[in-house]
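This report refers to the structure that appears directly beneath it.
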Amino acid sequence: TELARRASAISQTYRGGGSSAVIATSSDALAYALARMPATYAAVAAALEAVQAARPDFAPASMIDLGAGPGTATFAAADAFPSLDRFLLTDTNENLHALARLLMPQDMARAPKAAQNGSGQPPIGRRPATAKRKKEIGPGA
């Protein structure tokens, strides 16, 4: 299929050191996600498990994901660290950024309106704060 052909071409470009510029359409972004997200997620999750083993007390509250693509590392981090309640994802590739916004769970998808990423779209992110977290960061934070 065309999607499989694009996924293969995109993977070859990445393996050869290429950039996300090859992802020129929303279909390309989907092909990228189908081809690369599962392995990328697994690699990031394994790295974060090592962090958790080394630092079981580590409980980050926020995350910045520069070059976020479709949000793969952020999804892995959100699964690994329930303490995360603020996310900032940026990517210069509009198609990948749009896919990240589409895939983002509702509880993570509230972005500050004033912030912008390289594509002019707001970055992704904020989980609703828990009552305990609200208390720690204060009113209006």
Filtering region 79-103 down to residues that are under 14 Å from TYR41 (Cα atoms) and open to solvent by less than 10 Å² (accessible area, probe 1.4 Å) yields ALA100
First in region 83-99 and farther than 19 Å from SER20 by Cβ, second anywhere and assigned to a helix (DSSP H, G or I), Cβ under 7 Å, 6 or more apart | LEU84/ALA77; LEU84/ALA78; ASP85/ARG133; PHE87/THR74; PHE87/MET108
Could you tell me which numbered condition ALA53 fails, if it satisfies all but one of (1) at pLDDT 95 or above; (2) surrounded by 14 or more Cβ atoms within 10 Å (Cβ to Cβ)?
-> (2)
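Yes or no: GLY118 on the phi > 0 side of the Ramachandran plot and either modelled with pLDDT of 90 or more or of a type outside the set (S, T, N, Q) (or both)?
no
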Out of MET63, MET37, report the one residue that is surrounded by 14 or more Cβ atoms within 10 Å (Cβ to Cβ), in contact (Cβ under 8 Å) with a residue 24 or more places away in the chain and under 16 Å from ASN93 (Cβ atoms).
-> MET37
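The values are calculated or read from the model by the stated rules, or taken from the named source; none is laboratory data. The shown structure was predicted, so the numbers you read here are calculated from the model rather than taken from an experiment. FYI the Cβ positions are ideal-geometry reconstructions off the backbone, even for glycines, and counts take in every protein chain you see. We work out accessible area using only protein heavy atoms, side chains counted, and drop any ligands, DNA or RNA first. Shrake-Rupley method; radii C 1.70, N 1.55, O 1.52, S 1.80 Å.
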